[in-house]
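Let me begin by presenting the structure, written as structure tokens, before commenting on it.
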Amino acid sequence: MGTIYRKEKEGRRATTWPGTKRAPEELLQYIPEGLRRREPPWLPQVSQGDLVRHYTELSRMNYGVDTGFYPLGSCTMKYNPKLHEELAQHPGFADLHPLFPEEAVQGMLEVLWQLGELLKGIAGMPGVTLQPAAGAHGELTGMLLIRRYFEDQGELEKRTKILLPDSAHGTNPASAAMVGFEVVSVPSNREGTVDLAALEERLGEDVAGIMLTVPNTLGIFERDILRITEMVHDVGGLCYFDGANLNAFLGRARPGDMGADIFHFNLHKTFSTPHGSGGPGAGPLTVSEPLLPYLPIPQIVREDDRFRLFYDLPKSIGRVHSFFGNVLVMVKALAYILTLGDEGLREVSAGAVLAANYLRVRLRDVYRVPYDGLCKHEFVASTANLGVKARDVAKRLIDYGFHPPTVYFPLIVEEALMIEPTETETLETLDHFIEAMRRIAEEAQREPELLAEAPHNTPVRRLDEVKAAREPVLREERP
Amino acid sequence: MEYIPHTRADIERMLRAIGVGDVDDLFSDIPAEIRARYRPLGLSPRSELEVRRELEGRAIKNRRLVPFLGLGLYDHYIPAVVNELSSRSEFYTAYTPYQAEVSQGTLTWMFEYQTMICELTGMEVANASMYDGGTALAEAVLMARRIVGGDKVLVPRSLNPLHRGVVETYCRGAGIEVVDLPFDEAGRLVLEEVPEGVIALIVQQPNGLGIIEDLSGLKERLGDAFLIVSVYPIALGVLEPPGSFGADIVVGEGQPLGNPLSFGGPLLGIFATRRKYLRMMPGRVSGRTVDVEGKEGYVMTLQTREQHIRRERATSNICTNSALCALRATIYLAALGPEGLQQIALLCLERAHELAQEIERIPGFELAFKGPFFNEFAVRCSDPEGVTRDLWEAGFAVVPPVYLERMGVERAFSLALTEKRTEEEIQGVLEVLREHAR
Amino acid sequence: MVPQELRYTKSHEWVRVEGGTARVGITDYAQKKLGDVVYVELPEVGKKLKKGEVAVTVESVKAAESVYAPVSGEVVEVNEELVSTPGAINQDPYGNGWLFVLKVENEDELSELLDAEAYKKLIGE
């Protein structure tokens, strides 16, 4: 399948536009000569019919949640309700310019305000910002808040370190580094949780904070979470919680009650907004009392029955997004929370944890499960005991019609398969997946080449990534 | 619950397999005192109909003014094919294309998008998107520092104040000083001398006042320091691309390319640079290669730059981006072709200049700057607040004076026009202004 | 494959002592662990490195590994060929796959390096 450029022919067009009153040459006089475009950009010239067929064909080469089971660990690929798409496209939301006056957008501001209030309630924390456009953007905002907090306390010079468990997502160290913090790794113990003795050794007055993922990337809840946050607070540090795994305890426990100072939500994970082939997401943050003065501006506040944009926060870190964050994603998340209610929120975590544990116990006699206790919304298996690569099992799953789990993460498990079924899959789907996984384990012994050569029926087979990286071809060249 | 399929019997079967008595036992590893502190929200579950009514009620409450706006986000017409095709759920319910064999659709359009952005900007490589124009600009400064070194960035007062806000936040966090550059009577930036330790000069094209900047000769004066240009992509239908003027990085707000205004999000951050800086560029890229049978295909490549591999040494922390908005931009540009893009740019030019000329005829109103503009311009008058309010009353939205003040312009508001603005709407605006004639 | 005449580090660099200079590369064991090398980021000639400082980054498709200076010294030569043929590190790690040459600052540091026997033991050969 080639790109749209391969379908072009000089003179074809997919759309027509109104004419100008004056001749183009005359209008172009408004632009100083040296700044006028000399040569048009090379954009495809295709008919509307060909354009529609091309992108329809491309869509058919993709696998989405609507195509089938997508147990991608750490990504919470749950079903994306269709109501949400219609609501977000409503012209009463989608056609609003962010510079419209407050009086004109009261309904919109109410949506944002209400979502903020609900997220505060879910996290058990008093402050919120909706601006971060993604989880990593939330982390960066969190790091900026921590920096600003210590700057205000006059301790920025000495608070140079951020502690990170060795199972952390890659975005965590990258976010800390963007704000100039030194990243210090904290090893896990044999249970896969933070090693308290190792944490103790690293704690001191030079620590600005810790970034924790709760439950961690092995799907294990930190039993000592209260002790951990207390230890960090005792040396004056702040506790950042990466909320990528909130699906594990939604409606049952609150980060604010665990000692979190900053918590980021991934609306595109926990709150069912679609991933859009990689984005847009939304990564709102909730914060504890001491961090309230530093939140990004503007804040959305309610005064009597009016909603207002509030800028008067002199100690704010400033703006982290051009406007208010990914608003249409927030419309979807609000619709989701309103649909679920308290009861539904609890059912989500129940369903997610039930499905993950069910898969764990049904697969552990075939695949090694290195941390085989009660897991939360996901667990990590390894193919090392079968003598095959995690990648090969993943690719073979595609032949069985499933999207592969996350592979080679977390880094502390060799040949890792990180499996997160979510709450929206039926028992029948889970059973089919178990069956496929067990058959692949058999194939690994009997016909290992079936795995090594998989997938067999996709639009392309395994691609040469070495060639792609050694001789990068990143755009179509003009003929 | 319509989104959770487990029946009572399913739950029983799963619990038995796991070997626990009931669902609450699955949470016994969360300390009891934490669970005990949980407070519900006080929300009852609702049906689809009820939720639709409630949220559509809020949507209807909003007043859709006619946008003569403004500051990075513009109200361009979106052809029907854009919505239709980008709404296919194989696109919007997929994750990042890490598994290339089942993601060729996404990887192919990413490659197309990269090509189109390079063509628009005159640059050699482009990534597959950032969050928005503001964060793309801030990331450009961070990238420039990794290559050039230094500790200060030159920022014109005429930079879109919303983008400036994001740049200032990121720079403060990264220990970079923001040095202001003034503009002249024409509204164009003035670069007198290039101080020591400069990472980059930021130029917005056209700038926050709508004025077209003269990019020629700037890179030569900067030497090793980077020339970062933030563009309005539609204007590039008629403006020479920054690549021709030696720009090192070109960024921009890509919303005008087939994305709705969305009350400011999601947006699309454009990011393009020189091939020699490819490995320092943030964000994802799709590359062309072959499969084991020699068939052409696409993969995410150069991932060693990214956070999931290089962690604290990554070029950025960005992971989730604005893929779906980039898909819309791709389909939009394919639907336009080179002629369509130029035509839209010409319509913007024509409508804006018509209105500007009419405004200048009204006593008490004048264009704040005499420099050349594309589709956005600032208007000076004695009571810009009053005018803005009256325009709102009449159903028209313009950029209010407070944003102009942030760029150092007093007693002014600004307007932007696209191909969507009708003769009637333009007359409507003029009527309100004439009531304020002196 | 661990050539007898070379010296080694615990971080899998090899060192060939050539008079007052040290030629440095990564071991066969290291290249196998890393997989196909797709890119090498070399230091500039003239750069002064302290022992243990990052000298080179070697990238495969899924990893970016640091190569450390085995001893302190000034970079006097780098293997420019690797820019176009990074695969030489996989095909010939001890020959054409060399990375850079250091002018040794302190000869004593050379004696702290592992000999072939000790390195073999380290990698369990």
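The values are calculated or read from the model by the stated rules, or taken from the named source; none is laboratory data. It should be emphasised that the depicted structure is a prediction, and the values quoted were computed from it without experimental measurement. Backbone-built Cβ (ideal geometry, glycine too); neighbour counts: all protein chains shown.
Observations on the structure shown:
- Residue check for residue A:44: surrounded by fewer than 19 Cβ atoms within 10 Å (Cβ to Cβ), at the interface with chain B (Cβ under 7 Å from one of its Cβ atoms) and either touching a helix residue (DSSP H, G or I) at 6+ places or on another chain (Cβ under 9 Å) or under 19 Å from residue B:212 (Cβ atoms) (or both): no
- For residue A:287, the criteria (1) more than 11 Å from chain B (Cβ to nearest Cβ); (2) surrounded by fewer than 24 Cβ atoms within 10 Å (Cβ to Cβ) hold in every case but one, which is (2).
- Residue match in segment B:253-260 (condition: crowded, with 24+ Cβ neighbours inside 10 Å, modelled with pLDDT under 95 and within 28 Å of residue B:104 (Cβ to Cβ)): no
- Count - residues of segment A:250-307 that are part of a loop (DSSP other than H, G, I, E, B) and not hydrophobic (A, V, I, L, M, F, W, C): 26
- When the test is whether a residue is in contact with a Gly (Cβ under 6 Å, 6 or more places away or on another chain) and at positive phi, residue B:72 passes it.
Results for (1) farther than 21 Å from residue B:76 by Cα; (2) in contact with a helix residue (DSSP H, G or I) (Cβ under 7 Å, 6 or more places away or on another chain); (3) assigned by TED's automatic domain parsing to the domain that holds residue B:238, shown as yes or no for each residue.
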residue: B:358; (1), (2), (3): yes, yes, no
residue: B:371; (1), (2), (3): yes, no, no
residue: B:381; (1), (2), (3): yes, yes, no
residue: B:386; (1), (2), (3): yes, no, no
residue: B:400; (1), (2), (3): no, yes, no
residue: B:408; (1), (2), (3): yes, no, no
residue: B:417; (1), (2), (3): no, yes, no
residue: B:426; (1), (2), (3): no, yes, no
residue: B:431; (1), (2), (3): yes, no, no
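- Within segment B:1-23, the set of residues being within 7 Å of another protein chain (Cβ to nearest Cβ) and under 20 Å from residue A:341 (Cβ atoms) comprises B:1, B:3, B:4, B:5, B:6, B:11, B:23.
- Qualifying positions in segment A:111-121 - more than 12 Å from residue B:263 (Cβ to Cβ), out of contact with any Pro (no Cβ under 9 Å at 6 or more places or on another chain) and at the interface with chain B (Cβ under 7 Å from one of its Cβ atoms): A:118
- Residue in segment C:40-52 that is under 25 Å from residue A:465 (Cβ atoms) and out of contact with any Leu (no Cβ under 6 Å at 6 or more places or on another chain) present: yes
- Residue in segment B:242-252 that is farthest from the other protein chains (Cβ to nearest Cβ), counting only those that are crowded, with 24+ Cβ neighbours inside 10 Å and more than 29 Å from residue A:330 (Cα to Cα): B:248
- Residues satisfying the criterion are absent from segment A:30-38 (criterion: modelled with pLDDT of 95 or more, under 30 Å from residue B:188 (Cβ atoms) and more than 7 Å from chain B (Cβ to nearest Cβ)).
- Annotation: of all residues in segment B:272-321 being among the basic types (Lys, Arg) and part of a helix (DSSP H, G or I), the one that is farthest from the other protein chains (Cβ to nearest Cβ) is B:276.
- Within segment A:6-29, considering residues that are within 7 Å of another protein chain (Cβ to nearest Cβ) and in contact with an Asp or Glu (Cβ under 6 Å, 6 or more places away or on another chain), the one nearest to residue B:334 (Cα to Cα): A:20
- Total residues in segment C:54-68, condition assigned to a strand (DSSP E or B) and within 21 Å of residue B:300 (Cα to Cα): 5
- Against the list (1) in contact with a Phe, Trp or Tyr (Cβ under 9 Å, 6 or more places away or on another chain); (2) in a loop (DSSP other than H, G, I, E, B), the condition residue A:333 fails is (2).
- Of the listed requirements (1) closer than 25 Å to residue A:417 by Cα; (2) free of Cβ contacts under 8 Å to residues at least 60 places away in the same chain; (3) of a type in the set (Gly, Ala, Ser), residue A:248 misses just one: (2).
- Only one of the numbered conditions (1) among the aromatic types (Phe, Trp, Tyr); (2) within 21 Å of residue B:373 (Cα to Cα); (3) within 23 Å of the chain's Cα centre (by Cα) is violated by residue B:170, and that is (2).
- Taking the criterion of being exposed (fewer than 15 other Cβ atoms within 10 Å of the Cβ) and in contact (Cβ under 8 Å) with a residue 40 or more places away in the chain, the residues of segment B:360-382 that qualify are B:363, B:364, B:370, B:382.
- Evaluating residue A:412 against the criteria (1) outside any loop (DSSP other than H, G, I, E, B); (2) surrounded by fewer than 24 Cβ atoms within 10 Å (Cβ to Cβ) leaves one unmet condition, (1).
- Applying the criterion of at least 1 residues that are outside the structural domain of residue B:342 (by TED's automatic domain parsing) and touching a residue at least 40 places away in the same chain (Cβ under 8 Å) to the helices (runs of 4 or more DSSP H) found wholly in segment B:24-129 leaves B:48-61, B:80-86, B:89-92, B:104-121.
- Taking helices (runs of 4 or more DSSP H) as the structural unit, those lying wholly within segment B:350-438 and holding at least 1 residues that are closer than 18 Å to residue A:21 by Cβ and polar (S, T, N, Q) correspond to B:423-435.
- Checking residue B:81 against (1) within 19 Å of the chain's Cα centre (by Cα); (2) among the β-branched types (Val, Ile, Thr); (3) surrounded by fewer than 24 Cβ atoms within 10 Å (Cβ to Cβ), the condition it does not meet: (1)
This table checks each residue for (1) touching a helix residue (DSSP H, G or I) at 6+ places or on another chain (Cβ under 9 Å); (2) closer than 26 Å to residue B:108 by Cβ; (3) small (Gly, Ala, Ser); (4) touching a residue at least 40 places away in the same chain (Cβ under 8 Å).
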residue: B:317; (1), (2), (3), (4): yes, no, no, no
residue: B:321; (1), (2), (3), (4): no, yes, no, yes
residue: B:329; (1), (2), (3), (4): yes, yes, yes, yes
residue: B:334; (1), (2), (3), (4): yes, yes, yes, yes
residue: B:338; (1), (2), (3), (4): yes, yes, no, no
residue: B:345; (1), (2), (3), (4): yes, no, yes, yes
residue: B:351; (1), (2), (3), (4): yes, no, no, yes
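- Conditions (1) in contact with a helix residue (DSSP H, G or I) (Cβ under 7 Å, 6 or more places away or on another chain); (2) surrounded by 12 or more Cβ atoms within 10 Å (Cβ to Cβ); number of the one not met by residue B:30: (1)
- Some residue of segment B:218-233 being in a helix (DSSP H, G or I), within 29 Å of residue A:23 (Cβ to Cβ), under 21 Å from the mean Cα position of the chain (by Cα) and of a type outside the set (S, T, N, Q): yes
- Top-ranked residue in segment A:101-121 [being without any contact (Cβ under 8 Å) to a residue 12 or more places away in the chain, surrounded by fewer than 24 Cβ atoms within 10 Å (Cβ to Cβ) and in contact with a strand residue (DSSP E or B) (Cβ under 9 Å, 6 or more places away or on another chain); ranked as nearest to residue B:398 (Cα to Cα)]: A:101
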